[in-house]
Amino acid sequence: MAFESEQKFLKITEKSIDIEKELIVPEGKTKESIVKTRVNQSFFRKMILSSYDSRCCITGLPLKELLIASHIIPWAQDSKNRLNPQNGLCLNSLHDKAFDQGFITIDTSYQVVISSEVKKLSPNNVKIITDYQGVQMVMPCRFMPKQEFLDYHRKNIFRT
């Protein structure tokens, strides 16, 4: 029985080697392109990070390199409030992505709410997000997030 297993393993290994021989990796190249840049985004970032004492408002993470000045109503959705500091939260990069994708939101009491889509996953895989369910976000020293903007996020972006 063990001999058969070894033979199957060797066949699988031989096939893997054949696949590796045939693998063609394209050349990495660069090209010039014209891109749109968000003008005054750095001003928005400075205002948001300053308001939250350069800490994630959910986790308290104090590493500026990992912090994002996140828009509550996305940049593309509301041109009038793109630079409005009341349309911003200071989030670490993981929670910013989760917020942007609607996997987390902030309720009317400024507490973190986790999407049922995340809660369905294996607890060990999403603990870094689910551990913050019901946690009170750290309030900014100025420019409180506008409830109207958070309401928009809950209704239009959050995945209940």
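This table checks each residue for (1) farther than 22 Å from Ser51 by Cα; (2) over 16 Å from the mean Cα position of the chain (by Cα).
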{"position": "Val112", "(1), (2)": "no, no"}
{"position": "Ser116", "(1), (2)": "yes, yes"}
{"position": "Ser122", "(1), (2)": "yes, yes"}
{"position": "Thr130", "(1), (2)": "yes, no"}
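For every residue, the table says whether it meets (1) part of a helix (DSSP H, G or I); (2) touching a residue at least 40 places away in the same chain (Cβ under 8 Å); (3) under 20 Å from Arg45 (Cα atoms).
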site	(1), (2), (3)
Ala76	yes, no, yes
Gln86	yes, yes, yes
His95	yes, no, yes
Ala98	yes, no, yes
Val112	no, yes, no
Leu121	no, no, no
Asn125	yes, no, no
Tyr132	no, yes, no
Cys141	no, yes, yes
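Within the range 62-74, the set of residues being outside any helix (DSSP H, G or I) and either over 14 Å from the mean Cα position of the chain (by Cα) or touching a residue at least 60 places away in the same chain (Cβ under 8 Å) (or both) comprises Pro62, Leu63, Ile72, Ile73, Pro74.
From the list Thr105, Thr160, exactly one residue is in contact with a helix residue (DSSP H, G or I) (Cβ under 8 Å, 6 or more places away or on another chain) and in a loop (DSSP other than H, G, I, E, B). Which is it? Before you say what the answer is, go through the steps one by one.
On the way: Thr105 fails: in a loop (DSSP other than H, G, I, E, B).
Thr160 is the lone residue from the list that is in contact with a helix residue (DSSP H, G or I) (Cβ under 8 Å, 6 or more places away or on another chain) and in a loop (DSSP other than H, G, I, E, B).
Just so you know, all these numbers are worked out from the coordinates, no wet-lab data involved. What you are looking at is a predicted structure, and each value in this text was computed from that prediction instead of being measured. Backbone-built Cβ (ideal geometry, glycine too); neighbour counts: all protein chains shown.
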